[in-house]
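Accompanying notes for the structure given below.
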Amino acid sequence: MVVDDHPMWRDGVARDLTDAGYLVTAVIGEGAQALRVARAARPDVVVLDLQLTDLSGVEVIGGLLDALPEVRILMLSASGEQRDVLDALKAGATGYLVKSAGRQEFLEAVRRTAEGEAVFTAGLAGLVLGEYRKLARSTSGGPALTARETEVLRLVAKGLPYKLVAEELGLSVRTVQNHVQNTLGKLQLHNRSALVRYALEHGLD
């Protein structure tokens, strides 16, 4: 589902997705309408603009996740401001892409988002990771993660695919998956996107 208040932009995005073989279940111009339609359209991925005329993108993210907890949301915004990126990700967006991205970068981001990966425009990952530094100081009394689990979480939060995390740490992909599942269990989270949100909220670097 594509949600953007600029008709030419949203139609172009929908056309690119269709041409790439995706089924676009709805093309919407307003946040409130998107929340109504989502329940019937049941998209796997929502491409969502941050700035809408009626609701903020953050409000729409919350409503979408309430209606469809498993939906994955890729923000596509003109803003690359740190606060906008962090607010969207903390609200539950899976990834964040600025509108200056090229067509292939966008389609690759949609593919990775559909697979549950955290995707960022080049440069934004570093900006986001600047918020992660507090975790070691702020989790006293919280669930105890091993050093390896913390390292895996840090790399997953950067948006790296499991394969690259495995290569970075000299582990098998299966071992990385096991660490992620163990971490999710300790933190009482349900999926990889929630894991990334945890890292954002607690400041991991």
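Listed values, structure above:
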read-out	value
Under-5 Å amide H pairs with Tyr96, H placed in peptide plane, nonlocal only	Met75, Val119, Phe120, Thr121
Heavy atoms of Ser100 accessible to a 1.4 Å probe, total area in Å² rounded to 10	110
Cubic angstrom per residue, convex hull over Cα atoms of the stretch 1-122	87
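The values are calculated or read from the model by the stated rules, or taken from the named source; none is laboratory data. Keep in mind it's a predicted model, so treat the numbers as computed, not measured. Quick note on the areas: whole protein, heavy atoms, side chains included, nothing else; ligands and nucleic acids left out. Shrake-Rupley method; radii C 1.70, N 1.55, O 1.52, S 1.80 Å.
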